[in-house]
């Protein structure tokens with residue numbers, strides 16, 4: 001059985017993006033890149049929604065990505081990827097497969113198969129859907145030291161309480177704090 005981990009950047013006030021959808025406020029420094037490379041080395045299958053996929057696919061396969069974050073670019077480009085989308089017909093990024101079925105039903109089936117564990121990167125809409133149906137086995141929140149005041153909430157629309165237990169924290173020199181939770 002496969003496990004589903006979600007990795008999400010959030011502000012202190014719980015937003016993954018500002019009101020315009022901008023996430024550029026998250027620092028991408030050497031320490032964060034080293035952590036990302038470490039996580040990518042675990043050989044999970046990456047999971048995206050269409051918007052996050054298109055953003056990632058526009059950067060990681062480029063020479064610029066290979067220059068500024070070579071280990072992360074290598075891991076992102078070599079990883080298997082699943083893109084949940086009803087509108088995207090084809091994914092050109094190496095190792096990417098488009099799944100147009102209902103995301104929740106498809107994830108339930110994927111988790112029952114053997115294979116690599118799954119890591120959802122960003123993709124706020126999918127995170128909410130998977131959390132609503134209790135499909136997240138581990139939630140990794142990278143809390144950035146800023147308050148946006150307004151934005152897109154990570155769990156807006158989840159209709160029931162989700163009790164979590166903290167299993168790990170890690171402080172980064174840039175002020176970010178990684179908090180890892182599992183269902184209680």
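Can you find a residue in segment 156-165 that is assigned to a loop (DSSP other than H, G, I, E, B), surrounded by 14 or more Cβ atoms within 10 Å (Cβ to Cβ), in contact with a strand residue (DSSP E or B) (Cβ under 9 Å, 6 or more places away or on another chain) and in contact (Cβ under 8 Å) with a residue 12 or more places away in the chain? Working first, answer last.
Within segment 156-165, the first condition is being assigned to a loop (DSSP other than H, G, I, E, B), and the residues that meet it are 156-163.
Of the ones still in play, those that are also surrounded by 14 or more Cβ atoms within 10 Å (Cβ to Cβ) are 158, 162.
Checking the rest, the ones that are also in contact with a strand residue (DSSP E or B) (Cβ under 9 Å, 6 or more places away or on another chain) come to 162.
Now restrict to residues that are in contact (Cβ under 8 Å) with a residue 12 or more places away in the chain: 162.
Scanning segment 156-165, I find at least one residue that is assigned to a loop (DSSP other than H, G, I, E, B), surrounded by 14 or more Cβ atoms within 10 Å (Cβ to Cβ), in contact with a strand residue (DSSP E or B) (Cβ under 9 Å, 6 or more places away or on another chain) and in contact (Cβ under 8 Å) with a residue 12 or more places away in the chain, so the answer is yes.
Condition check: touching a residue at least 12 places away in the same chain (Cβ under 8 Å), under 25 Å from residue 2 (Cβ atoms) and in contact with a helix residue (DSSP H, G or I) (Cβ under 6 Å, 6 or more places away or on another chain). Does residue 135 satisfy that? Outline the logic, then answer.
On the way: touching a residue at least 12 places away in the same chain (Cβ under 8 Å): yes; under 25 Å from residue 2 (Cβ atoms): yes; in contact with a helix residue (DSSP H, G or I) (Cβ under 6 Å, 6 or more places away or on another chain): yes.
So residue 135 fits the description; yes.
Considering only segment 25-37, I want to know if a residue exists there that is in contact (Cβ under 8 Å) with a residue 12 or more places away in the chain, in contact with a strand residue (DSSP E or B) (Cβ under 6 Å, 6 or more places away or on another chain) and on the phi < 0 side of the Ramachandran plot. Can you show your working first?
To start, the set of residues in segment 25-37 that are in contact (Cβ under 8 Å) with a residue 12 or more places away in the chain comprises 25-29, 31-37.
Filter once more, so that each one left must be in contact with a strand residue (DSSP E or B) (Cβ under 6 Å, 6 or more places away or on another chain): 26.
Of the ones still in play, those that are also on the phi < 0 side of the Ramachandran plot are 26.
Yes; the residues of segment 25-37 include at least one that is in contact (Cβ under 8 Å) with a residue 12 or more places away in the chain, in contact with a strand residue (DSSP E or B) (Cβ under 6 Å, 6 or more places away or on another chain) and on the phi < 0 side of the Ramachandran plot.
I need the full set of residues from segment 146-155 which are in a loop (DSSP other than H, G, I, E, B), surrounded by fewer than 19 Cβ atoms within 10 Å (Cβ to Cβ) and touching a strand residue (DSSP E or B) at 6+ places or on another chain (Cβ under 8 Å), in order please. Give the steps one after another, and end with the answer.
Residues of segment 146-155 that are in a loop (DSSP other than H, G, I, E, B), as a first pass: 146-151, 154-155.
Subset that is surrounded by fewer than 19 Cβ atoms within 10 Å (Cβ to Cβ): 146-147, 149-150, 155.
146, 147, 150, listed by residue number.
Got a sec? Which strands (runs of 3 or more DSSP E) wholly within segment 1-103 have at least 1 residues that are surrounded by fewer than 13 Cβ atoms within 10 Å (Cβ to Cβ) and under 17 Å from the mean Cα position of the chain (by Cα)? Break it down stepwise before answering.
On the way: elements: 4-11, 15-17, 45-49, 81-84, 96-99.
Per the criteria, 96-99.
Do you know which residues across segment 40-55 are farther than 17 Å from residue 66 by Cα and modelled with pLDDT of 85 or more? If you could, list the steps in order and put the result at the bottom.
Of segment 40-55, the ones farther than 17 Å from residue 66 by Cα are 42-54.
Those that are farther than 17 Å from residue 66 by Cα and modelled with pLDDT of 85 or more: 44, 45, 46, 47, 48, 49, 50, 51, 52, 53, 54.
Looking only at segment 104-145, filter to residues that are over 15 Å from the mean Cα position of the chain (by Cα) and in a loop (DSSP other than H, G, I, E, B); which one of those is farthest from residue 86 (Cα to Cα)?
Selected residue: 145.
The values are calculated or read from the model by the stated rules, or taken from the named source; none is laboratory data. All figures in this text were calculated on a predicted structure; none of them were measured in a lab. Methodologically, a virtual Cβ is constructed for each residue, glycine included, from the backbone with ideal geometry; neighbour enumeration extends over all protein chains shown.
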